[in-house]
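Below is one structure; the comments refer to it alone.
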Amino acid sequence: MPVLCSRCEIKKAHLKRPKTGHSLCKECFFWVFEEEVHHSIVSAKLFNRGETVGIGASGGKDSTVLAHVMKVLNERYDYGLNLILLSVDEGITGYRDDSLETVKRNQEQYELPLKIVSYEELYGWTMDTIVKQVGLKNNCTFCGVFRRQALDRGAMMLEVDKICTGHNADDVAETVLMNFLRGDIARLRRCTAISTGSEGAIPRCKPLKYAYEKEIVLYAYFKKLDYFSTECIYSPNAYRGHARSFLKDLESIRPSSIIDVIHSGENLSVKEEVRMPIQGNCARCGYISSQKLCKACVLLEGLNRGLPKLGIGKHHKLQDKLLKSQPLTEEEEKKFKMISF
Amino acid sequence: MCDLDEGSNEDSMGRDSVKRISSKCMKCKESPALLIIRVGDAFCRNCFKEYFVHKFRAMLGKNRLVFPGEKVLLAVSGGPSSSSLLFQVQEGLSHKASKKLRFVPGIVHIEEGAACGKTLEERTKIVADLKSIFSTSGFPFVIVYLEEVFSLPSSVLQSIFSLPTEKDDLYKDAVAGFMQSCHTSVKKNLCHETVAQETTLTEDHTHASLLSTHAHANETSISAFRGKFPFSPEQTEAVEKLFASMKTLTAKEEMLQTLRKHLILYTARIKGYSKVMMGDSCTRLAVKLLANICLGRGAFLAMDTGFSDPRHGDITIIRPMREYSAKEIAFYNKLFGVPSVFTAGLNTKAPEKASIQHLTESFIVKLQADFPSTVSTIYRTSEKLNPRYSQTPADDKGTETCLLCSCVLGIELRDEASAFRAISISEELSQSKKPEGGQVSSSTMEECCAENKMETLESSGCSCQSRERRNTTPDFWSLLCYSCKLVVKDMTSLDLLPEYILEEANRRQRRTQIKREIQEYLLTSEDDADTAP
């Protein structure tokens, strides 16, 4: 006897939801998925009427589904938003150039304007050249920091009011675990917020925060959406990989673990005596920063001077010295150079 | 971001390590080093012992929670950490210790063989081994069997709070009083007794004595082992059935922990102990922290793993071994001959992904091998957390607590856009709407009938056995916190829960119902009315 959809109870069930285990038919699944995103948006009051919203599009499944769902919901519930696709080219051959083709196809399919910013034009470095200097271990830091700024710069160029990214429940759960393992208290408090940002910076939000990665894939599959599905070639060595494999194992034991981790993360509270970083502005580029110079400027400085480890690690005093253009001793310089094998 | 530091230090470590891990103890610099703890600290035998003992004393002294002459119950499972705890307390109280410890210990051991499926012979042997260790310590001990969970009264689930007092002043006064009475009295016994009268335990003494009169019927069961088992085979079967009804090992482990805690609390209350010491080591706590995050207990991390756990009001659970890594404890036990007994638990020899707790343990151990600072980082993070919602009625009036774990309820309902709401919406949307409609605030219990047509809990036709009992209405779910809900969801039938839990659930539900009926006429909450003079 075929299993019937648990919602309409008329059609045959096409899939089993990873999130709750219910069996649903295709149409009901689409509707439920979109309703859940709609609920996330409305209950957190993410958008206001008439705003211009930039969708961070990488060509991958999360951002493709996000673009699609935002478009559908914008029409269905009349949010009154102006949607734009925003894409970042990090300059990773074999990965990013292919995914950018996907984004261009998306633009045609969804009829949304597209803007691409690249590391090359913003910073003068591509990820490939960075990896050649830094090595394979700490390059995710560079890519992440630069990309955040690049998205903001692109958004400012287009005069966008809000940015939304395709971070899903798995991403947020991984981030909670990773920050906990690293003892990063400051980030632990912020990472579960569905909407982040403060004065001076363009606010960002994650409408897909409660959507499981597997459900996003199911949605894209059944809707026959076009996306690019390869892992970044530099990712195997990232620390996040540990948190990710742990989370995948957790999910196989108990599917609700992902939401449980997010729930735990949301309810963590820190003692008041703990010192938190204060927000200020970068002395060079004016971007928001908790230190005198923002991380991107520090990293760039290091790259340009041939001292790639300048931004990595905690050599505050030496960094200060460097940035005031004082010469370093031989030993100090060695600390910042890459370990060559 | 500490592991980045590790990377940058790797190079220098290689050169320095030859110098650092020298053959001399790093403290006294004279005797040859015997062992290395942490990354590069070498100690000789005597310095290590000093370091170990000092840490224990400092832990107790810094937190100032154990009053002189207070009765403290040591929960000893027989494993290395709790055996080490027992040994430290023994040494600390013995005559040759400088500055003796000042409390009165007792020992409790919870025998869990029934849950793990051990035979009576195996259990007898283990208990006999433990008995010999406990008798050499000279402290009064009690062996409680898991089966006795079925004879607990429902009052064990209630927390008894007193008015908040200035802890620091009390402590200093108590110490001063103790020192004085020790000087004036000659006999050691007299000293202990006088201080026991002076120490300011709260007015729940009357309540404790109520419990003990209630427990008279059970007094024979909670007594020292007399050569016969204080439980019946039916109770063993009931325990086995209870654990067999839990579908996942994760839920089994959580339930076992909860029952164990209730038994310890009960023993502490009827024997008049006001503190319980647990032997959780740093490594074990780091695993517990991460596992609790994965189980949805993020809000209560500080209480589950902090130094003191004040949830139960009159009994405080403290963890003095929390700064020792498992490695240090193992070294100490080996070097100084601390006896311990290995008891197989629920997840011994289980595959890695059998339960969340087991998976977390293997994850952290593996990560520790690559990044040696993992455990201490997690530990340090846990020190920066605080309990988000305070427990005492004076601060948070009219809060309800979870039936099983005694944590504050309702935190998930405070935010509109939270993970809990998201999952409730998901559950609601994925099912067809019935005329009664599903409540958003309590999750529905349909895992047991997931393969049949989905129905909400109020509708009839669910073939689940538990429907027949009156107390498995949605109200039952509202008595549990987020993670306890997940544990109970894994059970096939709620009837198998011990009587005291079901009784207490009924009582709380009736009370909520009464309160609802008279809600509009109440001016203050009940806690206000209680504490008014």
Just to verify a number: FRET efficiency for A:GLU75 and A:ARG148, C-beta to C-beta distance, R0 = 35 Å, to 0.05? 0.70
Mind checking A:175-186 for the average number of partner chain beta-carbons within 10 Å of each residue's beta-carbon? 5
Given a Förster distance of 30 angstrom, what is the FRET efficiency for A:LYS104 paired with A:ASP161, based on the Cβ-Cβ distance and rounded to 0.05? 0.80
Rounded to 0.05, the calculated FRET efficiency for the beta carbons of A:SER269 and B:THR512 at R₀ = 45 Å is 0.95
Where does each of A:146-154, A:51-59, B:52-60 land if you order them by average Cβ count within 10 Å, highest first? A:51-59, A:146-154, B:52-60
Of the residues A:GLU90, A:GLU174, A:GLU121, which exhibits the maximal mean-square fluctuation in a Gaussian network model of chain A defined by a 10 Å Cα contact cut-off? A:GLU121
For a test of the definition: using alpha carbon positions, the gyration tensor, and the 1.5 limit on a/c, classify chain A as rounded, prolate or oblate. prolate
When only DSSP loop residues count, what trypsin sites (Lys or Arg not before Pro) in the range B:281-360 have their Cβ near at most 11 other Cβ atoms within 10 Å? B:LYS349
Alpha-carbon centroid distance for the pair the range B:313-344 / the range B:278-311, whole angstrom: 16
Once you put a point 7 Å from the Cα of A:LYS45 and another 7 Å from the Cα of A:THR230, both along the Cβ direction, what distance in nm separates them? 4.5
Over chain A, what is the percentage of antiparallel beta bridges among all DSSP beta bridges, to the nearest 5? 30
Give me a single rounded figure for B:356-366: the average over its residues of other chain Cβ atoms within 10 Å of their Cβ. 3
Pair B:ALA58, A:VAL3: separation of 7 Å Cα→Cβ label points (nm): 5.7
Highest GNM mean-square fluctuation, chain A, Cα pairs closer than 10 Å: which of A:MET127, A:MET70, A:MET276? A:MET276
Applying the gyration tensor rule to the Cα atoms of the range A:115-206 (axes a ≥ b ≥ c; rounded if a/c under 1.5, else prolate if a/b exceeds b/c, else oblate), the class is oblate
In peptide B:289-300, what is the residue-averaged number of other protein chain Cβ atoms found within 10 Å of each Cβ? 6
Ranked output for segments B:378-384, A:253-259, B:262-268, B:30-36 by mean other Cβ atoms within 10 Å, highest leading, reads B:262-268, A:253-259, B:378-384, B:30-36
Normalised contact order of chain A, rounded percent, pairs of Cα under 8 Å and 6 or more residues apart: 17
Can you give the extra length, in nm with one decimal, that the chain gains between A:LYS292 and A:GLU121 once fully stretched, where that is 0.36 nm per residue apart less the Cα-Cα distance? 59.1 nm
Going by alpha carbons, how many degrees (0 to 90, nearest 10) lie between the helix axis of A:295-304 and the longest principal axis of chain A? 50
Amide H neighbours of A:CYS164 under 5 Å, at least 5 residues apart or on other chains, H built in the peptide plane: list them. A:GLY54, A:ILE55, A:GLY56, A:CYS205
Which value in deg cm²/dmol, rounded to the nearest 500, describes the helix-derived mean residue ellipticity at 222 nm for chain A, given -39,500 (n - 2.57) per DSSP H run of n ≥ 4 and division by the residue count? -14500 deg cm²/dmol
Here is the link list: A:LYS45/A:LYS248; B:LYS118/B:LYS271; A:LYS71/A:LYS223; A:LYS45/A:LYS292; A:LYS19/B:LYS366. Which ones come out longer than 22 Å on Cα distance? A:LYS45/A:LYS248; B:LYS118/B:LYS271; A:LYS45/A:LYS292; A:LYS19/B:LYS366
Using θ = phi - 60° and the Karplus relation 6.51 cos²θ - 1.76 cosθ + 1.60, list the HN-Hα couplings for the range B:112-126 in order, rounded to whole Hz, with x at every Gly or Pro. 10, x, 4, 6, 8, x, 8, 7, 4, 5, 4, 5, 4, 4, 4
Restricting attention to chain A, give the cysteines that have no other cysteine Cβ less than 4.7 angstrom from their Cβ. A:CYS8, A:CYS28, A:CYS140, A:CYS143, A:CYS164, A:CYS191, A:CYS205, A:CYS232, A:CYS285, A:CYS297
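Readers should treat all values here as calculations from the given coordinates under stated rules, not as data from a laboratory. For clarity, every value in this text was computed on a predicted model and none was experimentally measured. We place every Cβ from the backbone using ideal geometry, glycine too, and count neighbours over all the protein chains shown.
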